[in-house]
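Right, one structure below, let's go through it.
The values are calculated or read from the model by the stated rules, or taken from the named source; none is laboratory data. As the structure is a computational prediction, the values presented were derived from the model and not from experiment. Reconstructed Cβ throughout: ideal geometry from the backbone, glycine too, with neighbour counts over all protein chains shown. Surface accessibility is based on the protein's heavy atoms, side chains included, excluding ligands, DNA and RNA. Shrake-Rupley method; radii C 1.70, N 1.55, O 1.52, S 1.80 Å.
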Amino acid sequence: MGERSVVERITDFQEVPLGYTLEEAISEAKRCIQCKNPQCVKGCPVEIDIPGFLKYLALGNFESAIKKIKETNSLPAVCGRVCPQEEQCELKCVLGVKGEPVGIGNLERFLADWERAENRKQKAESGEKKKDKIAVVGSGPAGLTCAGDLARLGYQITVFESLHVTGGVLTYGIPEFRLPKKIVEMEIDYIKSLGVEIKTDMLIGNVYTIEELLKEYKAVFIGSGAGLPKFMDIPGENFDGVYSANEYLFRVNMMKAWKFPEYLTPIKIGKKVAVVGGGNVAMDAARVSLRLGAEEVCIIYRRTKNEMPARKEEVHRAEEEGIIFKNLTLPIAYHADEKGWVKDAKCIQMELGEPDSSGRRRPVPIEGSNFKIPVETVIVAIGNSPNPLIPHRTPNLKTERWGGVIITNEGATSISGVFAGGDIVRGAATVISAMGDGKRAAKAIHKMLSA
Amino acid sequence: MPKILSKEKLSENISKIVVEAPHVAKATKPGQFIVVVPTENAERIPLTIADFDKKQGTITIIFQIVGATTRILNSLKEGDNIAHILGPLGVPSHMEKFGTVVVIGGGVGIAEIYPVVKSLKETGNEVITIIGARCKELLIYESELRTQSAELKTTTDDGSSGRKGFVSDELKDIINSGKKIDRVIVVGPVPMMRVCCDVTKPLAIKTMVSLNTLMLDATGMCGICRVTVGGETKFACVEGPEFDGHQVDFGELASRLSAYKNKEKEADNHVCRLLKNG
Ligand SMILES: Cc1cc2nc3c(=O)[nH]c(=O)nc-3n(C[C@H](O)[C@H](O)[C@H](O)COP(=O)(O)OP(=O)(O)OC[C@H]3O[C@@H](n4cnc5c(N)ncnc54)[C@H](O)[C@@H]3O)c2cc1C
Ligand SMILES: Cc1cc2nc3c(=O)[nH]c(=O)nc-3n(C[C@H](O)[C@H](O)[C@H](O)COP(=O)(O)OP(=O)(O)OC[C@H]3O[C@@H](n4cnc5c(N)ncnc54)[C@H](O)[C@@H]3O)c2cc1C
Ligand code: SF4
Ligand code: SF4
Ligand code: FES
């Protein structure tokens with residue numbers, strides 16, 4: 001599969017991988033040996049019938065292939081792009097034991113893109129209309145999936161979204177060059193075509209409480225995500241020029257600051273940018289910085305490349321694009337100029353010690369190894385916690401100490417009729433696991449209301 | 001989309017609009033604010049809910065034209081729709097029977113204190129209101145506030161109305177007169193809030209300030225609104241905007257407010273050109 005060259009792609013926000021050509025897609029699909037007991041399906045949190053869709057694809061029957069995928073996954077153009085396939089479906093593919101696994105994710109993307117190009121919108125099929133109304137909080141992948149599945153069963157769904165644009169992290173977090181917003185919009189249009197009503201600018205907890213929603217709706221699904229940015233609580237973190245990754249990406253993706261002043265939300269970026277963290281969010285923030293014109297962008301990470309939680313593919317692309325990796329490095333303070341703008345990051349060198357609870361070797365500081373990195377912009381991308389607003393305003397909603405909403409195996413919370421899933425339950429996780437949670441809750445809600 | 005029901009010019013650069021937003025009005029308590037996105041390409045800006053009418057389903061906002069987005073908002077007319085309104089946001093003002101409360105509003109902060117003054121009075125407090133501005137023309141909402149206050153004092157920088165001087169001078173006088181004050185609430189520019197806190201701190205009079213930090217999502221997701229209060233970082237949009245003024249790091253607040261100065265100028269020039277041509 002082709003990719004745009006580095007020189008070209010770092011000057012704009014367009015997508016980096018080009019996607020399979022028709023011939024490439026068919027020959028890749030033909031590699032699947034149609035296992036009787038397909039392992040790949042077990043690696044997919046929404047259990048797509050992978051050999052099923054690959055069989056159609058290999059025969060050139062794209063329409064049936066995409067239909068097969070959409071039986072269980074209503075956001076294929078998104079998943080095909082951002083699923084960590086190498087740890088899920090493709091990790092389990094038997095062909096991967098000896099050679100290359102089938103490129104399942106890219107094939108999924110191919111089909112979704114084909115459908116879009118052909119403008120062959122699959123006609124939304126919904127079941128018999130039911131009277132029951134259900135409220136969904138949050139329009140990220142968890143909420144959208146839950147809403148879509150329930151709408152297909154005939155329920156009347158209203159999605160409440162606090163921001164002025166829908167899509168959750170798909171819209172405000174993941175940048176255009178990895179997930180074009182046109183695609184997110186199309187996937188959301190599909191969900192709407194199922195009859196789902198989406199109300200933006202509705203902060204649940206403030207506008208309506210969960211209890212108030214329960215008076216009007218038979219069930220409530222909470223998919224409010226992990227939007228609370230973590231900071232390190234080190235001196236100087238509140239200086240100007242120190243952003244949370246959320247703020248930074250929100251300005252760029254949601255408010256389109258890269259089109260300033262046509263769009264009025266500004267962003268300020270220095271020549272030297274440091275991004276703290278080693279996940280997908282850090283890679284995205286670093287690559288965005290490059291595209292906004294930073295001269296030097298480095299990633300400050302306290303372990304080594306082997307322990308980085310970001311997708312390998314994205315780390316690789318970041319490296320190709322010239323991002324500098326300062327591994328085994330931990331910032332301990334920031335200093336500012338006389339105007340209060342950050343000017344350097346004081347760091348300490350780390351080494352890897354004994355494994356910790358996550359199984360990864362724990363980084364330990366090397367005494368006396370302090371050094372300074374000159375910076376004009378710092379982006380803190382060390383993770384997000386579950387959004388605390390709804391739990392705060394909903395006294396009976398039980399949560400873990402770290403903030404995650406507690407649910408049963410079926411996705412039910414401690415309040416009868418209220419379900420939850422996605423990052424609000426798991427902490428920052430993945431698009432596909434959020435979708436899996438949305439599906440599971442939809443099933444449980446249907447079961448509850450059919451009883 | 002929320003519709004502008006009426007619009008009024010309160011002074012050269014301060015406007016008042018009444019907007020149809022029943023779900024916001026229904027849930028609002030004094031001290032809360034909304035986020036406004038006047039047109040799709042504009043910024044998300046926070047504005048205090050200066051008044052609300054649950055029966056009519058309306059909210060009132062009073063805003064000063066300072067930059068690009070407030071300029072766009074001001075270009076909308078009666079009957080126009082506002083692209084987005086989100087609210088009510090923030091923690092409502094804490095209300096109880098404190099006794100005597102001095103409420104101070106400066107600049108456009110004068111409008112922001114109105115619902116708080118009203119509610120304090122309804123809760124049975126004796127409210128002494130002090131409002132201050134640069135000149136007479138900028139002293140808005142005087143008659144509305146007068147009806148809600150036991151006493152209303154005004155100050156102007158140039159002496160064109162009320163006392164020539166600052167709101168903090170009035171505050172000092174009240175304190176010096178020996179009157180027992182149970183609480184002070186200050187809303188206005190940072191230097192004004194800081195000076196008032198300097199007056200009350202040695203006397204340990206509890207003083208609440210409403211912080212106008214920069215904001216983006218205003219739902220607790222970005223952290224641009226962070227302020228240091230009592231040595232701890234707080235998100236003003238969800239944990240505020242009211243905080244104990246004696247604990248606030250005003251220096252940091254002032255510096256964080258100016259982070260985008262040049263860019264804001266650029267955006268404003270852009271909008272000025274557009275509005276002129278369109
Ligand atoms: C920069 C970035 C890059 C990422 N890259 C990847 C990747 O490559 N692959 C991958 O699988 N995952 C990735 N993730 C993680 C993935 O995006 C999330 O796990 C996923 O979006 C979680 O879905 P969700 O529906 O639970 O929550 P979200 O997508 O966070 O959506 C929650 C929605 O609820 C809304 N909301 C919150 N509170 C309220 C309220 N009180 N009332 C109403 N609405 C509310 C929010 O505004 C938001 O729209 C990335 C995350 C980030 C931030
Ligand atoms: C909780 C809250 C409630 C508010 N309530 C009101 C209100 O009721 N009426 C009202 O007129 N304003 C209020 N403000 C301030 C208002 O949000 C800003 O004036 C507005 O965002 C400016 O937007 P702009 O694009 O027009 O100007 P910008 O281009 O953003 O700014 C122009 C100039 O104003 C300064 N500025 C920007 N934001 C603020 C701010 N938050 N406080 C002080 N100075 C700022 C900038 O540094 C710059 O010099 C409130 C702010 C907060 C946080
Ligand atoms: S949804 Fe994700 S995990 Fe499932 S098959 Fe597609 S790419 Fe693989
Ligand atoms: S495991 Fe691999 S080869 Fe087997 S069915 Fe799945 S994709 Fe095909
Ligand atoms: S404005 Fe974004 S967290 Fe407060």
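When you restrict to C-alpha pairs under 8 Å that are six or more residues apart and normalise by the size of chain A, the relative contact order lands at 16 percent. Taking amide H atoms as placed 1.01 Å from N in the peptide plane, the amide H of A:A219 lies under 5 Å from those of A:A135, each 5 or more residues away in sequence or on another chain. For region B:42-49, backbone phi angles converted through the Karplus equation (6.51, -1.76, 1.60; θ = phi - 60°) give residue-by-residue couplings of 7, 7, 8, 10, x, 9, 5, 7 Hz, Gly and Pro being listed as x. For A:P331, what charge total do you get from the other residues with a beta carbon under 13 Å from its beta carbon, if Lys and Arg give +1 and Asp and Glu give -1? The answer is +1. For the pair B:M95 and B:K26, a Förster radius of 22 Å applied to the C-beta separation gives a FRET efficiency near 0.75, rounded to the nearest 0.05. Working ranking of peptides A:52-62, A:142-152, A:3-13 by packing, defined as the average number of other Cβ atoms within 10 Å per residue, highest first, is A:142-152, A:52-62, A:3-13. Its Cα gyration tensor gives region A:15-117 an equivalent ellipsoid. The semi-axes, each the square root of 5 times an eigenvalue, are 18, 14, 14 Å from largest down.
The mean number of partner chain beta-carbon atoms within 10 angstrom of a residue's beta-carbon across peptide A:291-299 is 0. Size of region B:1-92 from its Cα atoms: along the principal axes, largest to smallest, the extents are 29, 25, 23 Å. Applying 1/(1 + (r/R0)^6) with r as the Cβ-Cβ distance of A:T21 and B:E40 and R0 = 35 angstrom yields a FRET efficiency of 0.45. Remark: region A:6-117 carries a charge dipole of roughly 460 debye about the Cα centre, counting +1 on each Lys and Arg Cβ and -1 on each Asp and Glu Cβ. Just so you know, the Rg over Rh for region A:144-234 is 1.01, from Cα atoms, with Rh as the Kirkwood radius. Highest GNM mean-square fluctuation among B:A68, B:A218, B:A236, for chain B modelled with Cα contacts below 10 Å: B:A68. Packing-based ranking of A:64-76, A:26-38, A:242-254 yields A:242-254, A:64-76, A:26-38, ordered from highest to lowest mean Cβ neighbour count within 10 Å. Extending 7 Å from the Cα toward the beta-carbon at both B:K265 and A:E295 defines two label points whose distance is 2.3 nm. Only protein atoms count toward the accessible area here, which uses a 1.4 Å probe; on region A:80-230, the carbon and sulfur part of that area reaches 50 percent.
Chain B gives an Rg/Rh value of 0.95, both radii derived from C-alpha positions and Rh following Kirkwood. Comparing Cα centroids, region B:203-275 and region A:267-327 end up 29 angstrom apart. Full extension of the chain segment joining A:I33 with A:R116 gains 27.1 nm, where the gain is 0.36 nm per residue of separation less the Cα-Cα distance. Summing Cβ point charges (Lys, Arg +1; Asp, Glu -1) relative to the Cα centre of chain A gives a dipole of roughly 900 debye. Secondary structure note: in region A:231-382, about 50% of the DSSP beta bridges are antiparallel. Each other residue within a Cβ distance under 12 Å of A:Q34 adds +1 if Lys or Arg and -1 if Asp or Glu, for a net charge of +3.
Residues in region A:426-435 carry Karplus couplings, in order, of 8, x, 4, 10, 10, 4, 6, 6, 5, 5 Hz; the curve used is 6.51 cos²θ - 1.76 cosθ + 1.60 with θ = phi - 60°, and Gly or Pro positions show x. Give the residue from B:I59, B:I82, B:P38 lying farthest towards the positive end of the charge dipole for region B:3-89; charges sit on Cβ (+1 for Lys and Arg, -1 for Asp and Glu) and the dipole is referred to the Cα centre. Final value for the positive-end residue is B:I59. A dipole drawn for region A:349-451 from +1 and -1 charges on Cβ atoms has a positive end, and of A:A412, A:S433, A:P386 the residue lying farthest that way is A:A412.
The tail of the calculated P(r) for the protein assembly as shown, taken as Cα-Cα distances beyond 45 Å, holds 26 percent of the pairs. When Rg and the Kirkwood Rh are both derived from Cα coordinates, the Rg/Rh ratio for region B:211-263 amounts to 0.95.
About its Cα centre, chain B has a charge dipole of approximately 160 debye under the convention of +1 per Lys or Arg Cβ and -1 per Asp or Glu Cβ, with nothing else charged. Taking a sphere under 12 Å around the Cβ of A:V94 and counting the other residues whose Cβ falls inside, with K and R at +1 and D and E at -1, yields a net charge of +3. Listed values for region A:317-324 are Karplus-derived 3J(HN,Hα) couplings in whole Hz (6.51 cos²θ - 1.76 cosθ + 1.60, θ = phi - 60°), namely 5, 4, 5, 3, 7, x, 5, 8, and x replaces Gly and Pro. Please label the shape of region B:54-160 as rounded, prolate or oblate, based on the square roots a ≥ b ≥ c of the eigenvalues of the alpha-carbon gyration tensor (a/c under 1.5 means rounded; beyond that, a/b larger than b/c means prolate, else oblate). Because a/c hits 1.5 or more and a/b fails to exceed b/c, region B:54-160 counts as oblate. For region A:64-200, the alpha carbon convex hull comes to 117 Å³ per residue, rounded to a whole number.
Taking every residue in A:206-217 and counting other chain Cβ atoms within 10 Å of its Cβ, the average works out to 2.
Under 1.5 on a/c is rounded, so check that first for region A:231-382, then, if it is not, pick prolate when a/b is larger than b/c and oblate when it is not; a ≥ b ≥ c are the square roots of the alpha carbon gyration tensor eigenvalues. Oblate shape, in that a/c is at least 1.5 and b/c is the bigger or equal ratio. Using a Förster radius of 30 Å, what is the FRET efficiency between B:E151 and B:D244 based on their Cβ-Cβ separation? Nearest 0.05, please. After rounding, the FRET efficiency stands at 0.75. By the helix-only formula, in which each DSSP H run with n ≥ 4 contributes -39500 (n - 2.57) and the sum is divided by residues, the protein assembly as shown has a 222 nm mean residue ellipticity of -9000 deg cm²/dmol.
Between B:K54 and B:V66, the contour length at 0.36 nm per residue exceeds the alpha carbon distance by 1.4 nm.
Using the average count of surrounding beta-carbon atoms within 10 Å as a protection proxy, the listed peptides A:361-371, A:194-204, B:32-42 rank, highest first, as B:32-42, A:194-204, A:361-371. Separation between the A:E8 and A:R401 pseudo-spin-labels, each 7 Å from Cα along Cα→Cβ, expressed in nm? With each label point 7 Å from Cα toward Cβ, the separation is 5.3 nm. For chain A, the share of DSSP beta bridges that are antiparallel, to the nearest 5, is 40%. For the Cα atoms of chain B, what angle does the longest principal axis make with the long axis of helix B:167-176, in degrees from 0 to 90, nearest 10? The helix B:167-176 is inclined about 20 degrees to chain B. Between the amide H of A:M350 and those of A:T329, A:L330, A:I366, distances stay under 5 Å, these residues lying 5 or more places away or on another chain, with hydrogens modeled in the peptide plane.
Rounded, prolate or oblate: which one fits region B:98-203, using the alpha carbon gyration tensor with axes a ≥ b ≥ c (rounded when a/c is under 1.5, else prolate when a/b beats b/c, else oblate)? Oblate shape, in that a/c is at least 1.5 and b/c is the bigger or equal ratio. Toward the positive end of the charge dipole of region A:239-386, with +1 on the Cβ of Lys and Arg and -1 on the Cβ of Asp and Glu, the farthest Cα among A:A286, A:G340, A:A274 is that of A:A286. Taking the DSSP bridge list for chain B and keeping only pairs wholly inside it, about 60 percent are antiparallel. Taking every residue in A:275-286 and counting other chain Cβ atoms within 10 Å of its Cβ, the average works out to 0.
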